[in-house]
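**Q** Mind looking over this structure? Questions follow.
None of the figures in this text is laboratory data; all of them are computed from the coordinates on show. Small disclaimer: the values here were computed from a predicted structure and weren't measured. FYI the Cβ positions are ideal-geometry reconstructions off the backbone, even for glycines, and counts take in every protein chain you see.
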Amino acid sequence: MRIVSYFFLLAIVLLGMTFAIFNSESVTINYYFNQSTLPLSLLLVIVFAFGCLIGMMASIWLLIKMKLSHYRLQHRLSTAEKEIKSLSS
């Protein structure tokens, strides 16, 4: 299983290297007050990483909301169980 994971990692690295070789042209990025020139492959990697970061932040927000809802439901369940226990006694 470890050999398969190493092979998969090697394949990803090789794909990344060939991607960088095929997309080595420079592109100019115009900001509001400045501009910079970057290789296309680097720009695509930066944009992809930024998109992953935004996606992770959104999923963390949803995870926090679900955990809070879970905590509230657990508290309501505990209260209901105590009430049922006191009514049956």
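**Q** Within a Cβ distance under 13 Å of Ser59, other residues only, what is the Lys/Arg minus Asp/Glu net charge? Could you put the intermediate results ahead of the total?
**A** Details: positive: Lys65, Lys67; negative: none.
Result for the neighbourhood of Ser59: +2.
**Q** Please check: in the Gaussian network model of the chain (C-alpha springs, under 10 Å), which one of Phe19, Phe50, Phe33 has the largest mean-square fluctuation.
**A** Largest GNM mean-square fluctuation: Phe33.
**Q** Run the numbers on segment 2-88 and let me know its relative contact order in percent, using alpha-carbon pairs under 8 Å that are six or more apart. Could the numbers behind the result be given before it?
**A** Values: 28 pairs, mean separation 12.8, N = 87.
Once normalised by length, the contact order is 15 percent.
**Q** If one computes the Cα centroid of segment 57-89 and of segment 1-33, what distance in Å separates the two points?
**A** After rounding, the separation between the Cα centres reads 45 Å.
**Q** Another question, then. So how tilted is helix 2-22 from the main axis of the chain? Cα-based, degrees 0 to 90, rounded to 10.
**A** Helix 2-22 sits roughly 50 degrees off the main axis of the chain.
**Q** Give the Kirkwood hydrodynamic radius (Å, one decimal) of segment 2-88, defined as one over the mean of 1/r across all pairs of different Cα atoms. All intermediate terms of the calculation are to be shown ahead of the outcome.
**A** Numbers: mean 1/r = 0.0552 Å⁻¹.
18.1 Å is the Kirkwood radius here.
**Q** Compute the angle between helix 40-88 and the longest alpha-carbon principal axis of the chain, please, reported from 0 to 90 degrees and rounded to the nearest 10.
**A** Orientation of helix 40-88: about 0 degrees from the principal axis.
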